[in-house]
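*Asks:* Dumping the structure here so I can ask a few things about it.
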Amino acid sequence: MPSRILVIQTAFLGDAILATALLENLHQAFPDAQLDFLVRKGHEGLFTKHPFLNQVLVWDKKKDRYRGLWKLLLFIRKQRYEHVITVQRFASTGFLTAFSGAKNRIGFDKNPLSFAFTATATHDLESGLHETSRNHSLIEFLVQTPVLRPRLYPTPADFEKIKGFQQQPYICVAPASVWFTKQYPADKWAAWLRSVPDSVAIYILGSPDDKTLGEDILKKAHRTGRSENLCGRLSFLESAALMKTAQMNFVNDSAPMHMASALNAPVCAVYCSTIPDFGFGPLSENSRVLEITDSLPCRPCGLHGHRACPEGHFRCAVEIKESQFLDVLRESLARE
């Protein structure tokens, strides 16, 4: 009977995408294993018709947090997993792992329930390792292959849905972020997008909650070329399909950056309050990073960012120059 493996990552969308590198390595090492993935509610759309996932488990952290956690534990125990791997350092997923009944219960040593794990690894933010490599350290005793890139699998239907947007060269812009200090300002996006040639279409990507932001940017850009706000109009995988064939994808240090990496799509990541050295940088072969050219004593101000600039000036964002974006755009168009 094939072994059963569960990977748990119920944090942010980008974290779930990065954890797919584990899925790739585990599938390569154990192609006959029944591989399951537990994510938070709202992220399951990333894995629609995934070619080798057996099932996607979902935890509604907002509406059914504790009762849902208990139901999940009962379900997990019934699956009789051989390996349960949590890549999070929180008690909730540690609880699911510790009491899963799995032969191998694996997680980071910083998890409060790590004492009940059978194997642990150190989560080191100081070394500069990429998060995919940190996660891979959890399975090194199971898998002796190099770290694979995260990967998403848009379906033929997803690629068919976005054909109408591929009639001319285009760039995608994903301007939103959960954290204010990781989000390049709308006025600054609009300022450089105003200079994009009319021969290049601009598509704004994001969730339904980002629709107003997208409209604001395009309104201020005053372009005559094709520009469309697609926030809320495309699914996760349709957005990924569109990013795959873009001339360039301009994103913040946020989930769309990791989405581009998972498609090996060209990506230019804008870093405001955070830095690539935290280990969450882009992994695409064609990757660029934009950040302030001068050092700031207050940068970085945190791993995730803040709801407002702690210093009140937000220089790490506003001093990134329009010319930096336009240089990347020119290079991307010259590749054709």
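Values quoted throughout were computed directly from the atomic coordinates according to the rules given, and no laboratory measurement underlies them. All of these numbers come straight from a predicted model, not from anything done at the bench. With ideal geometry, Cβ positions are generated from the backbone for all residues, glycine too; neighbour counts draw on all protein chains shown.
*Asks:* Name the residues whose placed amide hydrogens come within less than 5 Å of the amide hydrogen of Arg288, ignoring near sequence neighbours (fewer than 5 apart) on the same chain.
*Replies:* Placed amide hydrogens put Val267, Cys268, Ala269 under 5 Å from Arg288.
*Asks:* Starting from region 118-170, pick out the GluC sites (Glu not before Pro) whose DSSP state is loop and whose Cβ has at most 16 other Cβ atoms within 10 Å. Numbers along the way, then the final one.
*Replies:* Values: sites: Glu126, Glu131, Glu140, Glu160; in loops: Glu126, Glu140.
Sparse-neighbourhood loop GluC sites (Glu not before Pro): Glu126, Glu140.
*Asks:* For a test of the definition: using alpha carbon positions, the gyration tensor, and the 1.5 limit on a/c, classify the chain as rounded, prolate or oblate.
*Replies:* Values: a/c = 2.02, a/b = 1.62, b/c = 1.25.
Verdict is prolate for the chain.
*Asks:* Name the trypsin sites (Lys or Arg not before Pro) in region 258-326 that are in a loop by DSSP and that have at most 11 other C-beta atoms within 10 Å, would you? Let's see the in-between values first.
*Replies:* Details: sites: Arg288, Arg307, Arg315, Lys321; in loops: Arg307, Lys321.
Those that pass, being in a loop and sparsely packed, are Arg307.
*Asks:* Separate question: About the Cα centre of the chain, how large is the charge dipole given +1 on each Lys and Arg Cβ and -1 on each Asp and Glu Cβ? Please answer in debye to the nearest 20. Intermediate values should be presented prior to the final figure.
*Replies:* Numbers: 39 positive and 34 negative charges, 229 e Å.
My answer is approximately 1100 debye.
*Asks:* Taking a cut-off of 19 Å between Cα atoms, list the aspartates and glutamates near Lys110, but don't count ones fewer than 8 places away on the same chain.
*Replies:* Answer for Lys110, where 19 Å is the Cα cut-off: Asp15, Asp124, Glu126, Glu131, Glu140, listed by chain and number.
*Asks:* Now for a separate question. Return the distance in nm (one decimal) between the two label points of a simple spin-label model at His222 and Ala334, each offset 7 Å from Cα along Cα→Cβ.
*Replies:* It works out to 2.9 nm between the two label points.
*Asks:* Under the rule a/c < 1.5 gives rounded, and otherwise a/b versus b/c splits prolate from oblate, where does region 156-334 land using the Cα gyration tensor? List each step's numbers first, then the result.
*Replies:* Working: a/c = 1.60, a/b = 1.46, b/c = 1.10.
Cα axes put region 156-334 in the prolate bin.
*Asks:* Here's another thing I want to ask about it. Once phi is turned into ³J(HN,Hα) by the Karplus curve 6.51 cos²θ - 1.76 cosθ + 1.60 with θ = phi - 60°, what whole-Hz value does each residue of region 109-122 show in order, with x for glycine and proline?
*Replies:* Here the 3J(HN,Hα) series is 5, 7, 5, x, 9, 4, 4, 9, 7, 8, 8, 9, 9, 8 Hz.
*Asks:* Roughly how big is region 1-120's charge dipole about its Cα centre, with Cβ charges of +1 (Lys, Arg) and -1 (Asp, Glu), in debye to the nearest 20?
*Replies:* Numbers: 17 positive and 9 negative charges, 116 e Å.
Dipole about the Cα centre, nearest 20: 560 debye.
*Asks:* Any idea how far the Cα center of region 210-248 sits from the one of region 5-28, in Å?
*Replies:* Measuring centre to centre over Cα atoms gives 27 Å.
*Asks:* Hey, if you put +1 on the Cβ of every Lys and Arg and -1 on every Asp and Glu Cβ in region 56-201, which of Ala176, Gly68, Val143 ends up farthest toward the positive end of that dipole?
*Replies:* The one lying farthest along the dipole's positive direction is Gly68.
*Asks:* Here's a follow-up. Mean residue ellipticity at 222 nm from the helices of the chain, using -39,500 (n - 2.57) per DSSP H segment of n ≥ 4 over the full residue count, to the nearest 500 deg cm²/dmol?
*Replies:* Working: 12 runs with 105 residues, N = 336.
Computed mean residue ellipticity for the chain: -8500 deg cm²/dmol.
*Asks:* Less than 26 Å apart at the alpha-carbon level, and either on another chain or at least 8 residues along: which lysines does that give for Lys188?
*Replies:* Candidates past the 8-residue exclusion: Lys211, Lys219, Lys220, Lys244, Lys321.
*Asks:* Now, a different point. On alpha carbon coordinates alone, what is the Rg over Rh value for region 4-136, Rh being the Kirkwood radius? Each step should come with its number before you reach the end.
*Replies:* Working: Rg = 13.7 Å, Rh = 14.8 Å.
Reported Rg/Rh, Kirkwood definition of Rh: 0.93.
*Asks:* Taking the dipole about the Cα centre of the chain, with the C-beta of Lys and Arg at +1 and of Asp and Glu at -1, give me whichever of Tyr203, Ala33, Met257 is farthest to the positive side.
*Replies:* The Cα lying farthest towards the positive end belongs to Ala33.
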